Amino acid sequence: MSEARVGNSSELSFCTETPECLLFDLICKTKDYEVRHYDSVKWVSTNEKSFFMEMALPVAFNRLFKYISGENEMGKKIQMTSPVVVKIPDKRFWQMGIYTMSFLLPTEHQENPPKPTNTDVYINDTPDMKVYAKSYGGWMTTFSDSSNANDLSKTLDSVNAKYKKGSHCAVGYNSPMRMFNRHNEVWFVAEGEPVCEGKSSEETD
């Protein structure tokens, strides 16, 4: 399996629209989820407060797209990568929440990324982490994301897996132009030793 890092998208079958993708080590796979290990990497991120994901995401995307199109201190155009990751707060639908969208920085800007000129845009690092991931097709909406996140959390609870509560990540690999064969994921960050109940196949580090 590919090493965990930012690397050539040809190493991931479902990452087809950008030259570079976030790669991972597959720790194990069950019929319901995968456990993956990701290295610490740098992202460019922005927060948007809203009631709904559908309202927050276009605003956040536009802000980050401007950054990679040259709205940064070096005036540099930065290559788009996959996936786009959105941290989704656990909340009731009538509550306001903060959605954090992040674009992965390509290899050449991992060390020293250009500073954003928009004060709402910032560079951040995700830690070295293990995640529980569930994949699904179609369009990422509040409904599809929350129903897949609920399915995954129920499965994890049933095997007593420990994971970070309070939010999950909605992860998309496709541009809005793509109509078919779309690939989305939900992630929960694992805490402690990940659980691989009902393993169908296993890979170790």
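The values are calculated or read from the model by the stated rules, or taken from the named source; none is laboratory data. Here the structure is a predicted model, which is why all the values come from computation and not from measurement. Positions of Cβ are generated from backbone atoms using ideal geometry, with glycine treated the same way; all protein chains shown enter the neighbour counts. Side chains included, ligands, DNA and RNA excluded: accessible areas come from the protein's heavy atoms. Shrake-Rupley method; radii C 1.70, N 1.55, O 1.52, S 1.80 Å.
Considering each of Ser167, Ser69, Ser82 in turn, give the residue that is within 13 Å of the chain's Cα centre (by Cα) and farther than 20 Å from His183 by Cβ.
Ser167
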Hey, any hits in segment 128-135 for a residue that's farther than 18 Å from Thr18 by Cβ, buried (at least 20 other Cβ atoms within 10 Å of the Cβ) and aromatic (Phe, Trp, Tyr)? yes
Residue check for Arg63: in a helix (DSSP H, G or I) and open to solvent by less than 50 Å² (accessible area, probe 1.4 Å): yes
Look through Asn160, Asn174, Asn124 and report the one residue that is in a loop (DSSP other than H, G, I, E, B), under 15 Å from the mean Cα position of the chain (by Cα) and in contact (Cβ under 8 Å) with a residue 12 or more places away in the chain. Asn174
Condition set surrounded by 12 or more Cβ atoms within 10 Å (Cβ to Cβ) and part of a loop (DSSP other than H, G, I, E, B), scope segment 177-197, selection modelled with the lowest pLDDT: answer is Glu197
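Taking the criterion of being part of a helix (DSSP H, G or I) and either more than 17 Å from Ser146 (Cβ to Cβ) or open to solvent by less than 60 Å² (accessible area, probe 1.4 Å) (or both), would at least one residue in segment 40-49 satisfy it? Lay out the reasoning, then the answer.
Here is the first cut: in segment 40-49, the residues part of a helix (DSSP H, G or I) are none.
There is no residue in segment 40-49 that is part of a helix (DSSP H, G or I) and either more than 17 Å from Ser146 (Cβ to Cβ) or open to solvent by less than 60 Å² (accessible area, probe 1.4 Å) (or both).
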